[in-house]
Each structure stands twice: as structure tokens, then as C-alpha cells.
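This report refers to the structure that appears directly beneath it.
The values are calculated or read from the model by the stated rules, or taken from the named source; none is laboratory data. Just so it is clear, the structure is predicted and the values come from calculations on it, not from any experiment. Quick reminder, even Gly has a Cβ in these numbers, built from the backbone with ideal geometry, and neighbours come from all protein chains shown. When the accessible area is computed, the model is the full protein with side chains, heavy atoms only, and any ligands, DNA or RNA have been set aside. Shrake-Rupley method; radii C 1.70, N 1.55, O 1.52, S 1.80 Å.
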Amino acid sequence: MIIDGKALSLSLKEDMKARMAELENKYGRRPCLSVIIVGDNPASRSYVRGKIKAAEFVGMESRLIELPQDVSEGALLSKISELNADEKVDGILVQLPLPEHIDEDKVIDAIAVAKDVDGFHPSNVAALWLGRKCTVPCTPKGIIKMIESTGVEIAGKKAVVVGRSNIVGKPVAKLLLDRNATVTIAHSRTKDLAAVCREADILVAAVGRPKMITADMVKPGAVVIDVGINRVADGTLVGDVDFGPASELAGYISPVPGGVGPMTITMLMENTIECFLSKSPVGNV
Ligand code: NDP
């Protein structure tokens, strides 16, 4: 069974679209997402276009702020503080990566926690690990919805997450733990990765290496979520999982493209609405 992230995200976006008028009636305005992009990295531009398009689809306000590649760190930080102070802005997203002369940590720290729709601010990360109310980062949140969409119970299952980044691997492992899976986080130093993966009832691949999860690493019947986005020599996009052979063994598997990618953007819309409804998710900004 294919986990169709595109279809799932479309149905969630339709629901949000239907709620927009109601939110506007109740609060006098619609949620507003501000996206800042620095420079003209083609991949970043394409991600940002997708985010603005999704905001338009669901009928929320959006602002795109385009800054030149050589913008100073100070100028970027003052743009962020301007948006922090703007009561009509609910969510602020700074597209990463940033040029080398800008300290990404400083930029993430500068975003008001209440408007941190990516869930990358240290206060949100701490709240997630403490099990407190927080903005959950978009990709991990989307992955959990995809697993839940299969109807497979997470509690009591063995979950293996391959990759330990701050934006995918670690937070998705915590969300699986919260749902009572027994979680293993694998990485580049894991010994006998294939054997570790074969144990997984739920396997999440977030590595960034084309087709590295081969069929022999998949337990028959497992739920397999492929987070990877890799552009290969012929220009096509492939995931971290060798989809064809792996899909013959998996019980449920997500494709690339059309899997986690659209869900990530949809969760950004959801997080913006949540920030709009609750100006201070962790209560301190
Ligand atoms: P990172 O590069 O930050 O992390 C990759 C992880 O994979 C690291 O923890 C690394 O281990 C691990 N790794 C690398 N090589 C191996 C190996 N041979 N065996 C086991 N583990 C390995 O990547 P991200 O988490 O940011 O992204 C992962 C993938 O997901 C990328 O393709 C990215 O494009 C995609 N992505 C997709 C999104 C979407 O919306 N669909 C959103 C975000 C990311 P170690 O820590 O030991 O170095």
C-alpha cells in the first residue's frame, strides 16, 4: 500500500481552506505567514514557492520577503524583529540554508517563539523534549500523520529512524517515543545498519543518500517512510529507499516525490494556524 502524501495533504489543506472564513469571522483577520528568503539558491526558491502557493491555496495571508545574498546579518535580524513586533504576522519562516556569513543559530534564536512555525527555536525544541506544548517541526509532524493514516498502531512497535538531524531524525524519534514505540536512532556510525533496519516495524529513512535503504533492509509488512530528497544524475528526484524492490516487502511505503514533501508544507500551514490561534505556544515570548 502506498502512503500517498500528496492526497493526504490535499485533503488536510481542503479542511484548512474550509476553516479560513470561520477564522476570519471570529478573529477579524486570517492567519499570516511571512517567509524570508536570502539569495537565489534554486532549491530554496522552489521550496519557498511551494510554501507560498500552499498558503494561497488554503486562503491564508502570506508575505514573501526576498533579501539579497549579501544582506548583512544585522539587516536580516532587524527584519525578523520587525516581523516579531507586527501583530498581523503569525508565523515567521527563514528558509535555510543561509549564506555562510550569517549565523543560522542567531537567526533561529531571533524569531519569537510564538511565531516559530518551523519549530526550530531552542525553546520549542526543549518543550518538545520535555513533553510540553510546543510547535512541532513540520517534517516530523507530517511523518507521524502519514504513519497514523495507515491505521497501524504505533504503540509497542519497534521503530527505527535512520538519520539524527535536528530537523528530522531526532524530533521524529521523540514523536514516535511519545506514541509508545520502542525507538532506535541509527546514523553513519551504526554497525550493521541492515540488521538494525530489518527489526523495524516502522522504518523512517532521513539520510540524504539515494536508494541506500535496499529491500534486504526492510522487514516484511513494515511501514516505511522515505524522507530523502535526492536529485540524481538524470535530473529525477529519488528518495533514500530503493522504492521498487522495497515496496514488494513493505506493508505501507511512502513514495518520493509525493510523500513526505507535500506533507511538510501542509504541516507548515497547520503550524501557522496554530500560532495564530495561540500566540505563545510555550508561553515565554
Ligand atoms: P542531514 O544531512 O542533516 O542528516 C543526515 C543523517 O543521515 C545524519 O544523521 C547522518 O549520520 C545519517 N547518515 C549519513 N550517511 C549514513 C549512512 N551511510 N548510514 C546511516 N546513516 C547515515 O539530513 P536531513 O535530516 O536534513 O535530511 C535528510 C534527507 O531528508 C535529505 O535528503 C533531505 O533533503 C531530506 N529532507 C526532506 C524533507 C521533506 O520535506 N521531504 C525535509 C527535510 C529533509 P551522522 O549524524 O552520523 O552524520
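Tell me, which residue of the stretch 143-164 that is without any contact (Cβ under 8 Å) to a residue 40 or more places away in the chain and within 15 Å of the ligand (Cβ to nearest atom) is surrounded by the fewest Cβ atoms within 10 Å (Cβ to Cβ)?
Arg164
Could you list all residues from the stretch 238-270 that are closer than 28 Å to Gly59 by Cα, of a type in the set (A, V, I, L, M) and in a helix (DSSP H, G or I)?
The answer is Val260, Met263, Ile265, Met267, Leu268, Met269.
What's the number of the condition Ile167 fails, among (1) out of contact with any Pro (no Cβ under 8 Å at 6 or more places or on another chain); (2) under 29 Å from Ile108 (Cα atoms); (3) in a loop (DSSP other than H, G, I, E, B)?
Unmet for Ile167, out of (1) out of contact with any Pro (no Cβ under 8 Å at 6 or more places or on another chain); (2) under 29 Å from Ile108 (Cα atoms); (3) in a loop (DSSP other than H, G, I, E, B): (1).
Among residues belonging to the stretch 127-140 that are in contact with a Cys (Cβ under 8 Å, 6 or more places away or on another chain) and in a helix (DSSP H, G or I), point out the one that is farthest from the ligand (Cβ to nearest atom).
Ala127
Are any residues in the stretch 165-204 among the small types (Gly, Ala, Ser) and either open to solvent by 70 Å² or more (accessible area, probe 1.4 Å) or more than 14 Å from the ligand (Cβ to nearest atom) (or both), and if so, which ones?
Ala181, Ser188
Does Asp226 satisfy the condition of being open to solvent by 30 Å² or more (accessible area, probe 1.4 Å) and within 14 Å of the ligand (Cβ to nearest atom)?
no
Look at Gly208 and say whether it is at negative phi and either crowded, with 20+ Cβ neighbours inside 10 Å or within 16 Å of the ligand (Cβ to nearest atom) (or both).
Taking the combined requirement at face value, the residue does not satisfy it.
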